[in-house]
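Derivation of every value follows stated rules applied to the coordinates shown; laboratory data play no part. Keep in mind that this is a model prediction, so the values were computed, not measured. Note that each Cβ is placed from the backbone with ideal geometry, even for glycine, and that neighbours are counted across all protein chains shown.
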Amino acid sequence: MALILVVFNTIRFMTALFKWDLLLSLMPSPGPLYITISGALWTLGWLGVYLGVFFAKRWSGAAFLVLAFLYASYYWLDRLIFQPHIERSNALFSFSISLLFFVSAIIILALPKSREYFYEKV
């Protein structure tokens, strides 16, 4: 999951850089700077978590959960603050996916094999 979010946010960051003028014309507020900065920050955050998971660092499980919660919170704040004019007909679906993402992360990290992975390789 972390690697998928690294790739997604890297694409977001790079696209914002390459399509700056188009984004500026379509979305003057908050603008392409917001997309670029948030994409870069999330890329770095998820990359750190991914590397922590890859190298089986004990802190990475907790870091994954914290970042997952922050990412879901960011998604909803972004959606409510910067996209108030967009129809909310898929809000229940989006909430369900957010909840599924977070619950899946908790379940995966609680599995015995996951716990062994993080504690045997230290």
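A few points about this structure:
- Checking each residue in segment 104-122 for being of a type outside the set (V, I, T) and surrounded by 12 or more Cβ atoms within 10 Å (Cβ to Cβ) picks out S104, A105, L109, S114, R115, Y117, F118.
- Checking each residue in segment 34-44 for being under 21 Å from M1 (Cα atoms) and either in contact (Cβ under 8 Å) with a residue 24 or more places away in the chain or outside any helix (DSSP H, G or I) (or both) picks out S38, G39, A40, W42, T43.
- Within segment 19-33, restricting attention to residues that are exposed (fewer than 10 other Cβ atoms within 10 Å of the Cβ) and outside any helix (DSSP H, G or I), the residue that is nearest to the chain's Cα centre (by Cα) is S29.
- Every residue from segment 52-103 that is within 15 Å of L3 (Cα to Cα) and either of a type in the set (K, R) or exposed (fewer than 14 other Cβ atoms within 10 Å of the Cβ) (or both): F54, F55
Residue-by-condition table, conditions (1) at positive phi; (2) of a type outside the set (A, V, I, L, M); (3) touching a helix residue (DSSP H, G or I) at 6+ places or on another chain (Cβ under 8 Å):
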| position | (1), (2), (3) |
| --- | --- |
| L3 | no, no, yes |
| V6 | no, no, yes |
| D21 | no, yes, no |
| P32 | no, yes, yes |
| T36 | no, yes, yes |
| A56 | yes, no, yes |
| W59 | no, yes, yes |
| V66 | no, no, no |
